[in-house]
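Here the structure is laid out as structure tokens; the discussion comes afterwards.
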2 protein chains.
Amino acid sequence: MGDITLAVDVMGGDFGPRVTIPALAKALSQHSNLSFLLFGNESQITSLLEKYSLLDSPKIQLHHTEQVIDADIPFSKAIRQSKNSSMRLALEAVKEGKAQGCVSGGNTGALMGLAKLLIEPLPNIERPALTSLIPTMNGKSTVMLDLGANIEVSDCQLQQFAEMGDLFAQVMLGLVYPRISLLNIGTEENKGTAQIQAVHQQLKKRQDLNYIGFIESDKLTSYLTDVIICDGYTGNIALKALEGAAKNIISLFKKEKADSNICRNTKRYLLKLIFYRYYRKLQEINPDRHNGATLLGLSKVIVKSHGGANANAFSYAIDYAVQQIENDIPNKILQRLHQLDKK
Amino acid sequence: MGDITLAVDVMGGDFGPRVTIPALAKALSQHSNLSFLLFGNESQITSLLEKYSLLDSPKIQLHHTEQVIDADIPFSKAIRQSKNSSMRLALEAVKEGKAQGCVSGGNTGALMGLAKLLIEPLPNIERPALTSLIPTMNGKSTVMLDLGANIEVSDCQLQQFAEMGDLFAQVMLGLVYPRISLLNIGTEENKGTAQIQAVHQQLKKRQDLNYIGFIESDKLTSYLTDVIICDGYTGNIALKALEGAAKNIISLFKKEKADSNICRNTKRYLLKLIFYRYYRKLQEINPDRHNGATLLGLSKVIVKSHGGANANAFSYAIDYAVQQIENDIPNKILQRLHQLDKK
């Protein structure tokens, strides 16, 4: 495995370095071939690097900047604010070939816009799409896109999402002829918007894609399909609803840990004994473990972490980037797109 | 409490009378003032009525029909197929004043269309909206609409949904000046579609509504608001994603019951001892207990049950209808709309 360098927007996300530094410390301990270019405010970062004994690590290069893109400003303002920001510098490092990928928990609109501005898109891809592996109840994963990059999309763009999702599932999940579905409010032919119905007809005609029809949002984690296609607005609504429900329910169990009565250890023991496999299953579908959405359709790996991610979740976003770089995803998609072109 | 008569489309839903008859038997045992007009195929119904000792009950009037509207046909076809169907006859009984409300688990599009055709809408309401009480993590409820009646809506219709939701929350949840939110993919001003942003600005100007801004779909059950407004497509996607996640996770626990090894009773005892409150909380957010969406904006109470509801869930849909009739919801909304008009 070759060396991998990731550019990290240390200041991105709700908690900045307090989350990103512990996360990259964890990632370094897991990937011996990994090193980081960090972009952010030195004064907030060095003490944390010291805490994790990374201050003098040869795996870490820190580039100081005081500029940060606010999380809640409109895209146009974010772009104007972006000069010398931690996010933009991280993306520029990728553009200049100093890093193979970038991870940021910052402003999604800004990351999308700057990535499109700075990182070359793949040929024929009109718009990159936020793509995640979502967990299924049987412990496997389903590719889902778009999760929020494109509020409104054309029929053609939805078809491209299907092509990209198809390739992503083949490479990342090792699937042959992965099942592809369109997210809709019903599985009958007549359900949904005019656009969904039109794209449904278009995808049915594609012999190169294993399109199996509509899927409803209560089946996202049911492993009925390998790739779920939707516009970014619908995908964002569906995924957040799913994640919110999972987080809420899992939080019921986490509270158990905080119990401090005399029975705590007994409870824990019994918990493990009786509920181990359920607890494990709940953990498997914990969204933390599937944090990270990649901007599929660009020539480099750009991963967006949840803004509210904790250190554990952010480390999964780093893993997600590493995995894509190791699998050479952008190049593989590029090659397959060329093959599609020739048809 | 006055007597209540409900018309039930016995054949509606995935399981027809096998679900609806046990459900209404349960409802009869809980509401002494309740009686039913049943519409469906006698040959499938009588044996079930006998099983629940309801064959000669004065609370039950069975009207035989062999016609059923298929679950998966387009609206236009469903309307043509509707003559003498169990669903249409049930709605006609409401129209003719023989019943105060109707419950059906059948074709949503057909129920919507027929209800609009047969049941007078309230003045000023352009479109009825599917409205549910969704469970929150603290054991309370939030009103959510539209959940699938209107795939595309106008700005004005979204405002009307806010008005109706406001009134529904006041009456059904006993709230004064309930908090109202718009479902969106972010809480910042610039997030979402042009329509969402426009309606956001319109609602902010309304002094009569306690509009508190956007809410994201991962917060649906967080009790951050009392009324969630959205178009029917988005609402359907969000609610199904939430329900799917809840059902999947709860199913992990239900499997425990099927365990048949020697420790089963011990496990159950320990389960109750240790996890009782968590299990109860999980049950509270079990979508079964919140089955039933009402077509708010009509002059009568029309409740749609999930097509896949079990008997327990269908009985909650019946309860939901009873509760609305007892609270005289359509009239109260009518009165408030008149008051709004005068302003």
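The values are calculated or read from the model by the stated rules, or taken from the named source; none is laboratory data. Predicted model, so just to flag it, every value in this text is computed and none were measured. In this analysis, Cβ positions are derived from the backbone assuming ideal geometry, glycine residues included, and neighbour counts consider all displayed protein chains.
Which residues, counting only those in segment A:6-25, are part of a helix (DSSP H, G or I) and either among the hydrophobic types (A, V, I, L, M, F, W, C) or in contact with a strand residue (DSSP E or B) (Cβ under 8 Å, 6 or more places away or on another chain) (or both)?
A:Pro17, A:Val19, A:Thr20, A:Ile21, A:Ala23, A:Leu24, A:Ala25
State the number of residues belonging to segment A:218-252 that are facing chain B (nearest Cβ under 7 Å) and of a type in the set (Val, Ile, Thr).
Qualifying residue count for the region: 4.
Could you say whether any residue in segment A:38-60 is of a type outside the set (Phe, Trp, Tyr), more than 14 Å from chain B (Cβ to nearest Cβ) and under 20 Å from the mean Cα position of the chain (by Cα)?
yes
Looking at segment A:100-120, is at least one residue assigned by TED's automatic domain parsing to the domain that holds A:Gly307 and farther than 22 Å from A:His306 by Cα?
yes
Pick out the one residue from B:Tyr177, B:Tyr211 that is among the aromatic types (Phe, Trp, Tyr), more than 14 Å from chain A (Cβ to nearest Cβ), out of contact with any Leu (no Cβ under 8 Å at 6 or more places or on another chain) and farther than 30 Å from A:Asn138 by Cα.
Answer to the check: B:Tyr177.
Restricting attention to segment A:68-125, which residues are in a helix (DSSP H, G or I) and of a type in the set (Val, Ile, Thr)? Please lay out each step first, then the result.
If we filter segment A:68-125 for residues that are in a helix (DSSP H, G or I), which is where we start, we get A:75-80, A:86-95, A:108-118.
Listed by number, the residues that qualify are A:Ile79, A:Val94, A:Thr108.
In this structure, is B:Val94 touching a strand residue (DSSP E or B) at 6+ places or on another chain (Cβ under 9 Å) and either surrounded by 19 or more Cβ atoms within 10 Å (Cβ to Cβ) or under 16 Å from B:Ala317 (Cα atoms) (or both)?
yes
Quick one: A:Gly192 ticks every box in (1) modelled with pLDDT of 95 or more; (2) over 15 Å from A:Val143 (Cβ atoms) except a single one, so which number is it?
(1)
Of (1) at pLDDT below 90; (2) within 14 Å of another protein chain (Cβ to nearest Cβ), A:Lys116 satisfies all except one. Which?
Exception for A:Lys116: condition (2).
What number of residues within segment A:180-237 satisfy the criterion of being free of Cβ contacts under 8 Å to residues at least 12 places away in the same chain, surrounded by fewer than 24 Cβ atoms within 10 Å (Cβ to Cβ) and among the β-branched types (Val, Ile, Thr)?
Summing the residues that are free of Cβ contacts under 8 Å to residues at least 12 places away in the same chain, surrounded by fewer than 24 Cβ atoms within 10 Å (Cβ to Cβ) and among the β-branched types (Val, Ile, Thr) in segment A:180-237 gives 1.
Step by step: first the residues of segment A:125-163, then only those that are under 13 Å from A:Thr234 (Cβ atoms) and of a type in the set (Gly, Ala, Ser), then the one that is farthest from the other protein chains (Cβ to nearest Cβ). Which residue is that?
A:Ala129
Give me a count of the residues in segment B:26-59 that are buried (at least 21 other Cβ atoms within 10 Å of the Cβ) and assigned to a helix (DSSP H, G or I).
Qualifying residue count, segment B:26-59: 3.
Pairs only if they're at least six apart or on different chains, beta carbon under 6 angstrom, first in segment A:48-67 and farther than 21 Å from A:Glu92 by Cβ, second assigned to a strand (DSSP E or B); list them, first residue then second.
Short answer, once both residue conditions are applied: A:Leu54/A:Ile60.
Suppose the filter is more than 14 Å from A:Leu133 (Cα to Cα) and at the interface with chain B (Cβ under 8 Å from one of its Cβ atoms); does A:Asn190 pass it?
Judged against the criteria, A:Asn190 is a match.
B:Ser104: closer than 19 Å to A:Ile185 by Cβ and modelled with pLDDT of 95 or more, yes or no?
Values: closer than 19 Å to A:Ile185 by Cβ: yes; modelled with pLDDT of 95 or more: yes.
For B:Ser104, the condition - closer than 19 Å to A:Ile185 by Cβ and modelled with pLDDT of 95 or more - is met.
Checking A:Lys204 against (1) touching a Gly at 6+ places or on another chain (Cβ under 9 Å); (2) within 14 Å of chain B (Cβ to nearest Cβ); (3) not polar (S, T, N, Q), only one condition comes out false. Which one?
It fails just one condition, (2).
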